Amino acid sequence: MQRFGFDFGTTNSSLAWARADGQITLCPIDLPALNPQVLRSLLYFSIEQRGFVVGHRAISEYLAEDMQGRMMQSIKTFLADDSFEQTWVYDRYFTLEDLIAVVFRHVRAAIATMTSDDVALVIGRPAVFTDRRDKEETAQNRLRRAAQLANFFDIEFQYEPIAAGLSYEASLTQPETALIADFGGGTSDFTVMRLGTCRTLLPAASQRRAEPPKGHGPNLRRPQARREDILATGGVQVAGDSFSARIMEEKLTPYFGAGTTYRSIQGQDLTFPSQLLAKLARWHHVAFLRGRETRELLRRLRSTCSDPHAVAALEALVEGNYAFYLFQAIEQAKSELSAAEEAVLRFHRDVIDIEEPITRREFEQMIAPDLERIWQCMDTVLRKAHLGSEDIDAVFLTGGTAQMPIIRRLFAAEFGADKLKSQDYLTSVAVGLGLTALRQPVQL
Ligand SMILES: Nc1ncnc2c1ncn2[C@@H]1O[C@H](COP(=O)(O)OP(=O)(O)OP(=O)(O)O)[C@@H](O)[C@H]1O
Ligand SMILES: [Mg+2]
């Protein structure tokens with residue numbers, strides 16, 4: 001039996017192999033990618049191949065096929081949404097489980113190149129899939145079903161922030177009470193954990209390391225489940241995707257009609273229809289504008305709008321299937337703003353000409369309401385643990401979004417800059433899921 005941990009992320013996924021001797025190895029699961037250990041959680045239905053491809057290949061085939069096939073992203077966010085039952089792709093219906101199973105099959109094939117033994121899989125799950133408690137079980141069952149469709153049968157789940165905590169713990173030689181904060185694409189998750197309790201500490205200080213255990217993890221025996229060490233967990237569906245939506249709403253919708261007026265059939269001047277602009281906030285919703293009625297509405301708007309070029313740009317965005325690339329440009333700008341005070345968001349396709357400067361300060365102001373919700377969630381978790389910020393020895397920040405300076409600033413101000421710790425932002429959860437595979441998942 002070989003044990004693996006799989007972090008199926010909203011944006012990125014990673015796989016860790018837990019060897020019997022306690023070593024954790026991150027597996028290459030996207031060979032053509034710049035970092036083969038991180039698979040973009042993207043699905044593309046290739047017209048040529050009449051099937052789905054994932055990760056880096058999804059992007060290259062999408063381009064090669066002139067963006068005419070179907071690209072999907074952030075499918076994890078639909079797990080708790082029972083209105084998403086099935087979607088029509090090319091010539092058949094796919095349930096959400098069918099779609100997620102494509103990713104799991106890819107992972108199963110990658111594992112098959114490494115071992116022919118039976119496989120046990122620990123799958124990560126967010127602290128909460130949704131704010132509707134009654135949907136939690138449904139969401140996890142859908143994830144399980146997707147894995148089963150890909151021939152994983154020995155399946156356990158572990159909370160993603162707890163997994164991140166275990167990865168951080170592997171670097172410790174002394175006990176700590178830590179706040180673990182995982183800022184991903186779909187959710188921001190927290191846990192307060194006691195780490196390095198006597199049975200989990202590294203045997204020797206010489207093994208202390210700042211980086212996660214890549215090839216030479218600590219020699220862990222199989223300790224008991226850690227329920228008593230988990231003081232509280234919680235999460236909120238506000239993270240990187242919400243920040244991208246803010247950039248779209250606040251900076252880019254004017255290129256597609258926001259702020260303009262049009263003349264109604266009755267001769268009144270009306271503001272541009274907000275229901276059209278609302279669809280732009282999440283790129284995968286832009287496809288909903290492809291219906292016949294919307295097309296006709298856009299054609300009418302073009303002839304009466306105070307800015308016909310903006311309507312033409314919106315038509316081009318929808319008809320050309322460019323939303324995916326526009327959001328790539330937004331992601332790029334977000335990353336640049338983590339390293340510099342200012343970035344220019346550029347996007348030129350067809351009649352769409354975007355050249356939009358954005359400062360870090362502006363961006364931080366835009367996302368202030370989101371940060372407020374995230375902070376409230378963190379505060380609730382801390383209170384559930386009956387702890388104040390002074391009781392926290394370390395704050396472990398992980399997830400792609402944790403690279404944003406404002407996140408670090410907020411936590412430094414509350415807990416002290418010297419308490420902030422991090423490892424590889426995109427793979428610490430997978431490493432912790434691998435460590436879980438050697439132990440037992442925590443049942444909360
Ligand atoms: N340098 C950066 N600065 C700001 N944001 C970034 C940076 N790099 C990546 N991101 C954002 O991080 C998010 C992806 O992070 P991550 O891979 O941890 O998420 P995930 O694990 O797939 O999502 P989740 O855990 O919510 O399911 C994306 O929203 C991406 O835009
Ligand atoms: Mg994640």
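Yes or no: residue 26 more than 21 Å from residue 324 (Cα to Cα), in contact (Cβ under 8 Å) with a residue 40 or more places away in the chain and within 16 Å of ligand 1 (Cβ to nearest atom)? Let's see the steps before the verdict.
Details: more than 21 Å from residue 324 (Cα to Cα): yes; in contact (Cβ under 8 Å) with a residue 40 or more places away in the chain: yes; within 16 Å of ligand 1 (Cβ to nearest atom): yes.
So residue 26 passes the test.
Of the residues 178, 170, only one is modelled with pLDDT under 95 and of a type outside the set (Val, Ile, Thr); which? Please lay out each step first, then the result.
On the way: 178 fails: modelled with pLDDT under 95.
Result: 170 is the single residue among 178, 170 that is modelled with pLDDT under 95 and of a type outside the set (Val, Ile, Thr).
What's the number of the condition residue 280 fails, among (1) surrounded by fewer than 16 Cβ atoms within 10 Å (Cβ to Cβ); (2) outside any helix (DSSP H, G or I)?
Answer for residue 280: the failing condition is (1).
Please go through the stretch 243-293 and give me each residue that is more than 26 Å from the chain's Cα centre (by Cα), modelled with pLDDT of 90 or more and under 17 Å from residue 321 (Cα atoms), ordered by number.
255, 256
Failed condition for residue 36, given (1) in contact (Cβ under 8 Å) with a residue 12 or more places away in the chain; (2) away from ligand 2 (no atom under 16 Å from the Cβ); (3) open to solvent by less than 70 Å² (accessible area, probe 1.4 Å), with all others met?
(1)
If you take the residues in the stretch 170-191 that are of a type in the set (Gly, Ala, Ser) and away from ligand 1 (no atom under 16 Å from the Cβ), which one is nearest to residue 231 (Cα to Cα)?
As a first pass, look at the stretch 170-191 and keep what is of a type in the set (Gly, Ala, Ser): 170-171, 178, 181, 184-186, 188.
From what's left, away from ligand 1 (no atom under 16 Å from the Cβ): 170-171, 178.
On the way: 170: 19, 171: 20, 178: 10 Å.
The qualifying residue nearest to residue 231 (Cα to Cα) is 178.
So residue 22 clears everything in (1) open to solvent by 10 Å² or more (accessible area, probe 1.4 Å); (2) more than 21 Å from residue 328 (Cβ to Cβ) except one condition, right? Which one?
Condition (1) is where residue 22 drops out.
All but one of (1) of a type outside the set (Val, Ile, Thr); (2) within 26 Å of residue 26 (Cβ to Cβ); (3) within 13 Å of ligand 1 (Cβ to nearest atom); (4) touching a helix residue (DSSP H, G or I) at 6+ places or on another chain (Cβ under 7 Å) hold for residue 405; state the number of the condition that does not hold.
(2)
Looking at residue 395, is it within 16 Å of ligand 2 (Cβ to nearest atom) and under 30 Å from residue 29 (Cβ atoms)? First the steps, then the outcome.
Details: within 16 Å of ligand 2 (Cβ to nearest atom): no; under 30 Å from residue 29 (Cβ atoms): yes.
Taking the combined requirement at face value, the residue does not satisfy it.
Could you list, in sequence order, the residues of the stretch 171-180 that are in contact with a Ser or Thr (Cβ under 7 Å, 6 or more places away or on another chain) and either within 16 Å of ligand 2 (Cβ to nearest atom) or within 15 Å of residue 420 (Cβ to Cβ) (or both)?
Within the stretch 171-180, the subset in contact with a Ser or Thr (Cβ under 7 Å, 6 or more places away or on another chain) is 175, 180.
Within the stretch 171-180, 180 is the sole residue that qualifies.
From the list 177, 173, 191, 187, which one is under 22 Å from residue 438 (Cβ atoms), in contact with a strand residue (DSSP E or B) (Cβ under 9 Å, 6 or more places away or on another chain) and of a type in the set (Ser, Thr, Tyr)?
Numbers: 177 fails: under 22 Å from residue 438 (Cβ atoms); 173 fails: in contact with a strand residue (DSSP E or B) (Cβ under 9 Å, 6 or more places away or on another chain); 187 fails: under 22 Å from residue 438 (Cβ atoms).
Within the list 177, 173, 191, 187, the selection yields 191.
Out of the residues in the stretch 373-399 that are in contact with a Gly (Cβ under 6 Å, 6 or more places away or on another chain) and under 21 Å from residue 244 (Cα atoms), state the one that is nearest to ligand 1 (Cβ to nearest atom).
399
Among 415, 347, 363, which is the only one that is within 15 Å of ligand 1 (Cβ to nearest atom) and open to solvent by less than 50 Å² (accessible area, probe 1.4 Å)? Talk me through it step by step, then tell me what you get.
Numbers: 415 fails: within 15 Å of ligand 1 (Cβ to nearest atom); 347 fails: within 15 Å of ligand 1 (Cβ to nearest atom).
Exactly one residue qualifies, and that residue is 363.
Here are the criteria: (1) touching a strand residue (DSSP E or B) at 6+ places or on another chain (Cβ under 7 Å); (2) over 28 Å from residue 196 (Cα atoms); (3) of a type outside the set (Ser, Thr, Tyr); (4) touching a residue at least 60 places away in the same chain (Cβ under 8 Å). Tell me which single one residue 343 does not satisfy.
Residue 343 satisfies every listed condition except (4).
Going through the stretch 115-136 one residue at a time, which ones are open to solvent by 60 Å² or more (accessible area, probe 1.4 Å) and either among the hydrophobic types (A, V, I, L, M, F, W, C) or under 27 Å from residue 1 (Cβ atoms) (or both)? Before you say what the answer is, go through the steps one by one.
Let us first name the residues in the stretch 115-136 that are open to solvent by 60 Å² or more (accessible area, probe 1.4 Å), namely 116-118, 131-134.
Matches in the stretch 115-136: 116, 117, 118.
For residue 12, which of the numbered conditions (1) away from ligand 2 (no atom under 16 Å from the Cβ); (2) open to solvent by 10 Å² or more (accessible area, probe 1.4 Å); (3) modelled with pLDDT of 95 or more fails to hold?
Here residue 12 meets the rest and fails (1).
Does at least one position in the stretch 82-92 carry a residue that is crowded, with 21+ Cβ neighbours inside 10 Å and either within 23 Å of the chain's Cα centre (by Cα) or modelled with pLDDT under 95 (or both)?
no
The values are calculated or read from the model by the stated rules, or taken from the named source; none is laboratory data. Please read all numbers here as calculations on a predicted model, not as lab measurements. With ideal geometry, Cβ positions are generated from the backbone for all residues, glycine too; neighbour counts draw on all protein chains shown. In case anyone asks, the SASA skips ligands and DNA or RNA and just uses the protein heavy atoms, side chains included. Shrake-Rupley method; radii C 1.70, N 1.55, O 1.52, S 1.80 Å.
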